[in-house]
Structure formats: C-alpha cells, structure tokens
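Have a look at the structure below, then the notes.
The values are calculated or read from the model by the stated rules, or taken from the named source; none is laboratory data. Small disclaimer: the values here were computed from a predicted structure and weren't measured. In this analysis, Cβ positions are derived from the backbone assuming ideal geometry, glycine residues included, and neighbour counts consider all displayed protein chains. These accessible areas exclude ligands, DNA and RNA; they are computed on the full protein's heavy atoms, side chains included. Shrake-Rupley method; radii C 1.70, N 1.55, O 1.52, S 1.80 Å.
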Amino acid sequence: LLVRTDACFRAFAEREFEALRERLALGALEHERSSLLLGRICELLRAERVERPSIDRLVRLVAWARERAHELTFQRLAPQLSDPLGKTLDGLLVTTDGGRSQHAWLRARPTTVSAGAMRRELEKRAFLIEHVGAHRLNLTGLPPNRRAWLAQTGRQSSNQALARLAPERRYPVLLCFCAEALERATDDALEVFDRALGAADRSAQRKREELERRSSRDAQTTVRRFIDLSQIVIEAHEARTDVLRLIDRRIGLDRLREDLDRAKQLSARRRLVISISLSRPAVRRAASCSPA
C-alpha cells in the first residue's frame, strides 16, 4: 500500500476492469496474439496509474477479449451472410469425386508460366465473381489486420479443419479468404501474362540477333561473290572473251545460282528483322502496362 501510494498508483477496482474489457476487445480485433494483448493491458494500466491485478486474472481477460473479438467479427459480417451465400461457402469445403475441394483449388498457386496456368487463374476469378460474389463482399467493418489474419487462417487451414469450426468462426474466415483469393487470382493471372510476354520478347530478341548474325555472314559472302563476278566481267570485256564461259570456268553456274538464292534469302531476312524491330516497342509498352 505504501509503495502504491508513493508511486501515485491506485488499486485495480471493478470500474477499471469494465473499462479495460471494452478497450481490450477492440484491441483484439486488431491483434489476435495473446502476448500482444497482455502487453497492451499492461501499457493501459501503467498509463492510467492503476495497479496491475494478478496474472491469472489478466490471462482470463485476454481469453475473454479474444472470444469477444470473434463475436464482434461475426456480428459485423452477419448482414452479408444470406442463406445462398452460406451454402455456397460450405460447398467450398466439400470434397468432390476427384478428391479435391474447391477450397483447395482456390488455395493453389500457379507453378508454371503457360496459357493453361493463366486460364486456371482466370477460371478461379470467374468462379469467385459469378458463384461466390466475392467482388461484392464488404469487409470494411473489420480492421485490416483482422481481415489479413482471417484470410491467412483460410489459406493455411485444410477444408476438414474449417468444416469443424463453428459457423460463427467459419463464415468470417471463408469470407475473408474468398475476398483475398479474388485479388490473388487477378494478380497471379497478370503475373503469368507478364512473364509470358517477357519470355516472348526475349525469344524474339534472340531470333532477331541470330538472323542478324546469319545475315551478316551471308552479306559478306554475297559481297565477295559480287567482287569476284565484277572482276571477271571487267576482265572478259578487256580481253574480248565470252563472259559466260569465263564465269563458268572461274566460279561455276551452279555456285552462282546458290549465291543468287542466298542473296534472295538475305533480302527476305532483312525485311523480317526490320518488322521484328518495329514490333519490339509495342511489346515493351504492353509489358510496361501490366503490373509486376
């Protein structure tokens, strides 16, 4: 008593207990961890210069606050829980003939960058919008930490574990899980598209570089053949000899035909390289518009 009086603290009375209960229940909506709630109680008591009660009483108070937070969560989400929505949420936990529930399907993340992976994420998004109505869920009545914790619980728990929960706890978890799954499916679909677009851009760049190297080699060969052919034509003109016979003896008509085909292919490849180069800025703009 003397120490308490000297430190300007007062005894823990019933009015402090009632006020602390309500404030702690609101704090439990933000944080679920018991250690954080216990530390919050001690901070409140110290700030108001109130003597701390026994630890077992504080532990019971923390347990009550956590239960009260679950009740408040359900009360704030209850207006959205119509009968069709409740049946739809329970249906997510039912195992189908393939041995997999829709809940497990929604939890899965893409492991490859392919058209099939992107299609699966878009199918999840369509399912959550058309069958669950996840885009219409209003979770603003819950603090962000509470929504994140409930969604994490739905992500990490199996469908059997969620099915064993009481409806007052199961439905808030599934609501937050579906809302997060809609955002995650959209982000995953965009990420798969972005990576596929980047892979296509890199593949086109490699092909362009290979075409440029091949075109450079063929251009050098064509230029050398043009130089040889020009020298032969000039030599034949000065010597007053048959040009075709001299070309056939020095180069060969078959090799000349090969050089002509190579020159035609070189011209076609140059047009292809130019078209790829012109299309690359459009690819970069599309990649920059999609989120990472």
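Residues of the stretch 38-56 that are farther than 14 Å from Ala25 by Cβ, at pLDDT 80 or above and open to solvent by 80 Å² or more (accessible area, probe 1.4 Å): Glu43, Ile55.
Conditions (1) surrounded by fewer than 17 Cβ atoms within 10 Å (Cβ to Cβ); (2) β-branched (Val, Ile, Thr); (3) not in a strand (DSSP E or B), marked per residue:
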position: Thr88; (1), (2), (3): yes, yes, yes
position: Leu106; (1), (2), (3): no, no, yes
position: Thr112; (1), (2), (3): yes, yes, yes
position: Leu122; (1), (2), (3): yes, no, yes
position: Arg125; (1), (2), (3): no, no, yes
position: Asn138; (1), (2), (3): yes, no, yes
position: Arg146; (1), (2), (3): no, no, yes
position: Ala151; (1), (2), (3): no, no, yes
position: Ala161; (1), (2), (3): yes, no, yes
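Residues in the stretch 16-45 that are within 15 Å of Val59 (Cα to Cα) and outside any helix (DSSP H, G or I): Glu32, Arg33. Condition first: among the aromatic types (Phe, Trp, Tyr) and surrounded by fewer than 19 Cβ atoms within 10 Å (Cβ to Cβ). Can you find one or more residues in the stretch 215-232 that meet it? Checking the stretch 215-232: at least one residue is among the aromatic types (Phe, Trp, Tyr) and surrounded by fewer than 19 Cβ atoms within 10 Å (Cβ to Cβ).
In the stretch 64-90, the residues that are over 17 Å from Cys178 (Cα atoms) reach residues that are of a type in the set (Lys, Arg) and open to solvent by 80 Å² or more (accessible area, probe 1.4 Å) with C-beta atoms within less than 8 angstrom, at least six apart or across chains, in these pairs: His70/Arg169. Of a type in the set (Asp, Glu), in contact with a helix residue (DSSP H, G or I) (Cβ under 9 Å, 6 or more places away or on another chain), in contact (Cβ under 8 Å) with a residue 24 or more places away in the chain and closer than 30 Å to Arg271 by Cβ: does that describe Asp201? Judged against the criteria, Asp201 is a match. Among the residues of the stretch 46-69, those that are of a type in the set (Asp, Glu) and assigned to a helix (DSSP H, G or I) comprise Asp56, Glu67. Of the listed requirements (1) open to solvent by 50 Å² or more (accessible area, probe 1.4 Å); (2) at pLDDT below 75, Val283 misses just one: (1).
Residues of the stretch 18-37 being open to solvent by 30 Å² or more (accessible area, probe 1.4 Å) and closer than 19 Å to Leu72 by Cβ, which ones?
Glu18, Ala19, Arg21, Glu22, Arg23, Leu26, Glu30, His31, Arg33, Ser34, Leu36
Considering the conditions (1) in a helix (DSSP H, G or I); (2) at pLDDT below 80, Cys8 is excluded by exactly one of them, (1). Only one of the listed residues (Glu121, Glu130) is modelled with pLDDT of 90 or more, touching a Pro at 6+ places or on another chain (Cβ under 7 Å) and of a type outside the set (Ser, Thr, Tyr). That residue is Glu121.
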